[in-house]
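What follows is a single structure, written as structure tokens, with notes after it.
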């Protein structure tokens with residue numbers, strides 16, 4: 001049955017290899033079960049509800065990828081997109097998490113439409129390569145700052161003069177302090193910060209040694225150390241396993257009508273935009289590593305893979321989590337021999353098993369999860385090597401995209417800046433023919449958005 005369903009022999013693999021690959025993939029990405037509740041919890045969402053959504057969403061969509069597409073690719077709430085959801089949309093813009101989930105749902109519908117009409121491929125082809133890589137790097141730095149802040153390694157201090165303080169009060173907190181009034185400095189070396197430093201070093205050393213599941217191991221070890229030193233208190237009656245509590249969930253809690261307001265169109269677009277290129281790169285990259293190509297170098301079933309991924313976006317929002325997307329950690333399972341959808345099915349089933357270990361999540365401190373964010377940020381910097389830094393018409397828009405994201409604390413701002421600068425610099429240098437027509441449209445949309453906002 002398994003042979004017929006997954007074509008094991010045709011892809012030169014067997015059940016044992018696929019099962020081990022599935023376990024390996026799960027071990028490398030299981031950190032999302034701990035990190036995602038921490039990030040979305042900062043947006044006011046219940047951590048247990050987020051954990052349920054993360055495990056169920058990852059399980060359902062990953063199994064669908066395995067059974068429908070026969071790809072060894074796992075999916076879960078994506079890093080970067082969850083940070084954008086929590087810190088930019090909810091906390092930064094003051095939008096409720098219910099409305100933000102509605103925006104994610106709508107972006108999923110747009111994503112499905114783009115996929116079935118093949119517009120998705122056109123957008124990917126039209127976007128400058130340098131900006132694609134810059135977005136990845138910028139999100140990496142954005143995630144790093146979040147990790148540094150959550151860990152306490154970085155401290156942000158405001159020393160407001162009276163006029164600025166009055167401005168903040170009258171604007172209900174929407175005013176912006178002057179640059180010299182905002183001080184970014186090293187945090188105090190409290191026990192929590194020291195734990196985060198320990199977790200970071202441990203994760204880095206494990207990854208340098210190519211230990212599978214390095215992030216998960218580090219999170220577990222750091223949490224144990226935190227318990228031993230008294231930084232985390234174990235509640236009375238604590239058990240490692242428990243029947244999942246579905247009474248406290250975020251199923252169908254999204255506010256779609258609220259997300260349809262004009263002010264959120266850009267947010268919906270950004271969710272769609274970032275997911276678009278992130279997923280394309282991940283799917284193509286992992287499928288290539290798995291050797292899933294025909295004689296012409298094409299990927300059989302890639303269209304179905306994109307559709308499953310698009311379904312995951314909206315499905316995740318319905319059950320209470322941010323965008324579900326393909327995980328690059330799938331390459332870990334592929335590296336040990338995973339070649340078919342059986343790898344994905346095993347990974348998805350393990351996410352369901354993880355539901356019975358929810359009591360552990362309550363013990364996981366920020367000091368244990370923050371190092372994972374910092375390390376993920378470091379890994380995402382690799383893309384900077386693929387940017388042409390000699391050609392200033394490529395380098396400057398890419399640079400602006402990268403730095404604007406973390407320094408304005410907004411992924412949307414970074415992408416918008418790059419989309420405007422790129423065609424502008426090509427135009428003034430007489431190289432406008434290098435700009436795909438779709439980029440001109442996107443740049444126009446960005447400019448229109450900011451003109452609209454300035455008038456309101």
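The values are calculated or read from the model by the stated rules, or taken from the named source; none is laboratory data. Fair warning: this is a prediction, and the values are worked out from it, not measured in the lab. Backbone-built Cβ (ideal geometry, glycine too); neighbour counts: all protein chains shown.
Quick notes on this structure:
- Condition met for residue 368 (assigned to a helix (DSSP H, G or I), out of contact with any strand residue (DSSP E or B) (no Cβ under 9 Å at 6 or more places or on another chain) and farther than 19 Å from residue 200 by Cα): no
- Whichever residue in segment 119-143 is part of a helix (DSSP H, G or I) and over 26 Å from residue 87 (Cβ atoms) and, among such residues, is modelled with the lowest pLDDT: 124
- Going through (1) buried (at least 21 other Cβ atoms within 10 Å of the Cβ); (2) farther than 30 Å from residue 337 by Cβ one by one, residue 91 falls short only on (1).
- So residue 12, is it in contact (Cβ under 8 Å) with a residue 60 or more places away in the chain and more than 20 Å from residue 313 (Cα to Cα): yes
- Condition check for residue 280: at pLDDT below 75 and either within 30 Å of residue 442 (Cβ to Cβ) or part of a loop (DSSP other than H, G, I, E, B) (or both): yes
- Note on segment 308-335: residues that are closer than 13 Å to residue 283 by Cα, at pLDDT 90 or above and part of a loop (DSSP other than H, G, I, E, B) amount to 0.
- Some residue of segment 349-357 being modelled with pLDDT under 85 and either surrounded by 24 or more Cβ atoms within 10 Å (Cβ to Cβ) or part of a helix (DSSP H, G or I) (or both): yes
- Criterion applied to 35, 15, 50, 61 was being surrounded by fewer than 24 Cβ atoms within 10 Å (Cβ to Cβ) and in contact with a helix residue (DSSP H, G or I) (Cβ under 7 Å, 6 or more places away or on another chain), and the one residue passing it is 15.
- Residue pairs whose Cβ atoms lie under 8 Å apart, separated by 6 or more positions or on different chains, with the first residue in segment 60-82 and free of Cβ contacts under 8 Å to residues at least 24 places away in the same chain and at negative phi and the second part of a helix (DSSP H, G or I) and surrounded by fewer than 24 Cβ atoms within 10 Å (Cβ to Cβ), do not occur.
For (1) closer than 30 Å to residue 16 by Cα; (2) in a helix (DSSP H, G or I); (3) modelled with pLDDT of 85 or more, each residue gets a yes or a no:
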{"position": "337", "(1), (2), (3)": "yes, no, no"}
{"position": "347", "(1), (2), (3)": "yes, yes, yes"}
{"position": "383", "(1), (2), (3)": "no, yes, no"}
{"position": "390", "(1), (2), (3)": "no, no, yes"}
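- Test: residue in segment 362-370 that is crowded, with 19+ Cβ neighbours inside 10 Å and more than 19 Å from residue 232 (Cβ to Cβ): no
- Members of segment 422-442 that are under 30 Å from the mean Cα position of the chain (by Cα), surrounded by fewer than 19 Cβ atoms within 10 Å (Cβ to Cβ) and free of Cβ contacts under 8 Å to residues at least 24 places away in the same chain: 424, 440, 441
- Those residues of segment 392-412 which are surrounded by 20 or more Cβ atoms within 10 Å (Cβ to Cβ), touching a helix residue (DSSP H, G or I) at 6+ places or on another chain (Cβ under 7 Å) and in a helix (DSSP H, G or I), in sequence order: 393, 394, 397, 398, 400, 401, 402, 404, 405, 406, 411, 412
- Hey, residue 403 in contact (Cβ under 8 Å) with a residue 24 or more places away in the chain and farther than 30 Å from residue 16 by Cα or not: yes
- Flag for residue 2 being surrounded by fewer than 20 Cβ atoms within 10 Å (Cβ to Cβ) and either touching a strand residue (DSSP E or B) at 6+ places or on another chain (Cβ under 9 Å) or on the phi < 0 side of the Ramachandran plot (or both): yes
- Of 24, 54, 28, all but one fail to be in contact with a strand residue (DSSP E or B) (Cβ under 6 Å, 6 or more places away or on another chain) and touching a residue at least 12 places away in the same chain (Cβ under 8 Å); the exception is 54.
- Check on residue 114, buried (at least 17 other Cβ atoms within 10 Å of the Cβ), over 19 Å from the mean Cα position of the chain (by Cα) and either in contact (Cβ under 8 Å) with a residue 60 or more places away in the chain or closer than 16 Å to residue 275 by Cβ (or both): yes
- Listed by position, the helices (runs of 4 or more DSSP H) inside segment 144-258 whose residues that are closer than 30 Å to residue 24 by Cβ and modelled with pLDDT under 80 number at least 3 are 214-228.
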